[in-house]
Amino acid sequence: MSERITLFAEVLLPLPVPKAYTYRVPHEWNELLQVGQRVVVQFGARKVYSGIILRFTEDPPSLYNASYLLEIMDEEPIVQPLQLQFWQWISSYYMCHPGEVMAAALPAGFRLQSESLLVLHPEFDPENLPDLDEKESLIFNALLQKKELKTDAVAEMLGQKSGMRQIKSLYLKGIAVLKEEISERYKPKWEDIISLSPQWKDTSFATETLNQLEKRAPRQADAIMAVLGMGKGTVTKKELTEKHNIDSAQIKSLVQKGLLMLERRQVDRLKRLVTEPDELQLNAEQKVADNLVNTAFEEGKNVLLYGITGSGKTYLYIQQIKKALAAGKQALLLVPEVALTEQLVSRLEHYFGNEMGVWHNYYSGHERTELYEKVLKGEVRFIIGARSALFAPFSNLGIVVIDEEHENSFKQFDKRPHYHGRDAAIQLAYMHGCRVLAGSATPSYELWNLCTEGRWQKVTLNKRFTHTPAPQILLLNTAEGRKKNKPKGPFHSHMLEAIGECLEAKSQVIVYQNKKGFVPFIHCDMCGYTPHCVNCDITLTYYKSTGQQRCGYCAHAQPPMQLCPACGSTAVSMKGFGTERIAEELSLIFPAAKIARLDQESMRKRSDFQRVLNGFTNGEIDILVGTQLLSKGLDFQNVGLVAIPDADILLNIPDFRTHERAFQQMFQVAGRAGRGSKQGQVMIQSRQTAHPVLQAVLDNDYTGLTEQEIQVRKQFQYPPFSRIIKITVKHKDARKSEEASRYYAQMLRTTLKDRLMGPQAPLIGRVRNYYLQQIMVKMDKKKDDPAKVKELLWNASLKLITMPDFKGVWIDFDVDPA
């Protein structure tokens with residue numbers, strides 16, 4: 001008789017706690033469990049969570065009695081060993097808790113917990129209820145009555161410690177969703193599929209049944225004939241009712257008789273082609289570049305593809321992805337924005353068809369859960385998406401491609417982990433033993449310097465794919481324009497003339513203004529009072545579309561100021577120009593033009609991106625006004641003019657990366673012009689036309705500006721020659737925040753000395769009623785050990801936040817701030 005072994009499982013929970021928690025494994029589960037599976041556990045007095053098994057041990061925890069695992073959620077692991085290693089790297093490098101990485105990495109459908117609210121799916125049709133077991137039926141009927149249920153209430157109703165398994169089943173059947181998903185910006189679309197029941201394969205049955213239906217129920221016979229006429233044996237219910245005029249009642253009756261089968265399917269989000277993918281043809285320059293990429297990969301080097309805008313970098317991405325897929329590997333293509341994802345998908349589907357999946361946050365948690373499972377099963381081997389696509393369950397990556405690698409939108413700012421998609425992707429590729437192809441017309445200084453040091457290989461594309469000359473760039477002096485002509489809005493007269501000429505020539509115009517809303521603020525002309533957010537130290541942006549002034553940090557909103565509350569004057573005016581106001585001014589000047597906006601305010605859901613991008617691509621929109629979303633590598637063929645009416649917004653930001661970012665944004669948006677058969681034009685308006693960044697844009701001199709900036713960075717030890725960690729100390733009491741930050745800096749300064757700067761209040765010193773203080777740590781890449789410095793920072797923070805005097809103080813770490 002074999003010895004009975006008691007196992008303990010270390011379980012990772014989606015919570016901001018430093019350690020995994022240990023649970024006892026029921027003996028009968030010893031052979032059922034694996035690392036990477038989800039299990040249901042109790043954590044705290046009453047809370048229940050689904051966690052991931054990290055490892056097994058025979059040693060019980062020494063500080064507490066281990067509770068039993070409550071339930072097994074999956075038959076097979078849903079997280080691969082390499083994924084767990086990657087999560088651990090994210091946690092360690094970006095100084096956050098492993099549970100925070102788990103919460104970011106797994107779609108909502110895999111993160112059920114006792115606080116989750118379960119509701120009926122908004123698209124669910126009770127008439128098409130799939131088969132449910134007794135417990136699932138009990139939950140379903142309770143949802144019909146109560147509308148929503150807490151998951152711990154489900155367990156109580158079933159008389160179990162957990163009801164997670166039944167909830168998971170209802171979730172995957174499309175009957176129920178988590179309530180937080182209902183508020184997401186994109187809801188899944190469903191359709192009813194009608195097919196013939198199997199007995200129709202019997203010829204005698206088919207003939208006899210049709211004869212009977214034609215006599216007794218001719219409309220039902222028409223429905224059967226319509227399905228038979230489709231050839232493929234299936235048809236959507238919508239097509240039957242709308243195209244063939246079949247009544248829903250007739251369909252329902254045929255389903256009840258067992259003559260038709262009805263299945264509710266989720267519509268494929270991409271509607272990808274099922275035909276044979278197109279063949280790819282590279283031009284001569286692209287073939288040379290592709291060979292250089294292959295050589296670099298064979299030598300074990302990652303590649304920076306430095307190609308001018310419109311040079312066809314995407315075709316090299318496709319070539320390398322095809323090569324990886326042909327070798328039986330997986331591929332990942334990261335893009336910085338959802339808008340770019342949507343446009344790229346329409347191009348890439350011609351080459352990859354059903355092999356491609358799309359991953360970003362404008363899809364619902366339910367859809368990301370399904371895609372996650374498809375990647376896990378190997379049904380989808382190529383993923384394109386924004387930074388969160390890094391967390392797809394890859395097991396055999398063959399290549400990682402990063403488009404527009406310079407974009408700072410690859411960085412996650414708002415919540416932990418504050419990871420950088422590009423840098424994390426490079427680490428992910430290293431873990432899988434594959435190479436990285438990163439492309440940009442304006443590379444980040446970090447990757448440019450890696451090429452200079454010989455650690456990466458730079459491959460160049462110097463010519464536009466269409467052989468159209470680069471756009472002509474013209475600088476306009478704002479001050480001179482105002483002296484000579486009465487300005488219309490923010491526009492120089494030459495810029496308005498160029499827009500008019502472009503519209504007459506049936507070309508399109510892009511207007512780039514990196515300010516959202518109607519105006520940045522409303523101002524009293526008598527006393528100077530400007531309304532600020534009640535929760536944050538920032539002025540309120542006025543949005544004419546909603547009739548409100550709103551904070552960009554906490555979403556506080558209030559009616560626009562009509563009467564100054566400080567002096568009582570009615571002399572209030574709007575200052576500055578946001579995209580809303582730019583669009584309105586242009587509509588008054590060019591009333592016949594069709595104008596649309598592309599900014600975060602107007603892009604609330606995925607269909608908004610598709611509507612605007614398709615409308616502009618198809619020529620239904622004449623002028624497209626937008627923020628930095630326009631600089632993300634979008635490809636339009638008929639843009640004759642790019643206008644930037646206020647470049648000074650980009651040049652006057654107090655940051656060591658300002659020159660780099662300003663050049664990148666202006667050069668990238670300029671690259672949207674003249675991508676078809678005609679040369680485009682770019683007009684940039686500024687009060688500082690002699691500024692070195694503007695001169696570099698004018699001369700198309702990325703290399704010159706970069707080398708100059710890199711020398712300055714080297715002199716003052718800024719990235720890429722150092723690593724920076726930004727530490728934010730915050731508390732609801734301003735004095736407490738200052739005292740805590742000074743004490744924390746004092747603890748660190750004895751070791752870090754002049755590598756520590758601060759503390760000081762940032763430009764926006766209060767956000768959501770928390771007062772902020774910032775400390776910067778600058779690490780020498782050659783002398784400092786990052787792991788030791790991070791350990792010092794972490795231990796000092798734990799010491800500070802556990803002191804009674806500093807109760808309620810929060811400390812946040814941002815490694816490699818963008």
Requested in this report: Could you tell me the accessible area of M603 in Å² (1.4 Å probe, neighbours in place), rounded to the nearest ten?
Outcome: 0
Report summary line: Check: C-alpha center segment 17-51 vs C-alpha center segment 752-788, spacing in Å is 38
Query raised in the report: Any idea what the dipole of segment 1-72 comes to, in debye rounded to 20, about its Cα centre with Lys/Arg Cβ at +1 and Asp/Glu Cβ at -1?
Result: 360
Report task. Send over the semi-axes of segment 564-692's equivalent ellipsoid, whole angstrom and largest first, taken as the square roots of 5 times the C-alpha gyration tensor eigenvalues. Result -> 27, 22, 15
Query raised in the report: What do the square roots of 5 times the Cα gyration tensor eigenvalues come to for the chain, in whole Å, largest first, as semi-axes of the equivalent ellipsoid?
Result: 46, 38, 30
Requested in this report: Give me the percent of the accessible area of the chain that comes from carbon and sulfur atoms, probe 1.4 Å, all protein chains in place.
Outcome: 49
Query raised in the report: Rounded to the nearest whole Å², what accessible area per residue is found for segment 538-687 with the 1.4 Å probe?
Result: 39
Query raised in the report: Rounded to the nearest 5, what is the percent of antiparallel bridges among the DSSP beta bridges in the chain?
Result: 55
Requested in this report: Please work out how much accessible surface S677 shows to a 1.4 Å probe, ignoring ligands, DNA and RNA, in Å² rounded to 10.
Outcome: 110
Report summary line: Under a 1.4 Å probe, counting only protein heavy atoms, I473 has an accessible area in Å², nearest 10, of 30
Report task. Keeping every protein chain in place, order W87, W29 by accessible area at 1.4 Å, biggest value first, i.e. largest first. Result -> W29, W87
**Report entry** segment 473-572, relative contact order [Cα under 8 Å, separation at least 6], %
**Finding:** 18
Query raised in the report: How many angstrom lie between the C-alpha centres of segment 605-681 and segment 99-174?
Result: 44
Report summary line: The cysteines in the chain that find no other cysteine Cβ closer than 4.7 Å to their own Cβ are C96, C434, C451, C502, C554
**Report entry** Accessible-area order (highest first, 1.4 angstrom probe) of the listed residues R723, R265
**Finding:** R265, R723
Requested in this report: May I ask for the net charge around S395, where only other residues with Cβ less than 14 Å from the Cβ of S395 are counted and Lys, Arg are +1 while Asp, Glu are -1?
Outcome: +1
Report summary line: Within the under-12-Å Cβ sphere about V293, not counting V293, Lys/Arg +1 and Asp/Glu -1 give a net charge of +3
Query - Longest segment of the chain lacking GluC sites (Glu not before Pro) that sit in a DSSP loop with at most 14 other Cβ atoms within 10 Å - result: 621-818
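The values are calculated or read from the model by the stated rules, or taken from the named source; none is laboratory data. Quantities reported herein were computed from a predicted structural model and do not represent experimental measurements. For neighbour counting, all protein chains shown are included, and Cβ atoms are generated from backbone atoms with ideal geometry for every residue, glycine included. What goes into the accessible areas is simple: the full protein's heavy atoms, side chains included, and nothing from ligands, DNA or RNA. Shrake-Rupley method; radii C 1.70, N 1.55, O 1.52, S 1.80 Å.
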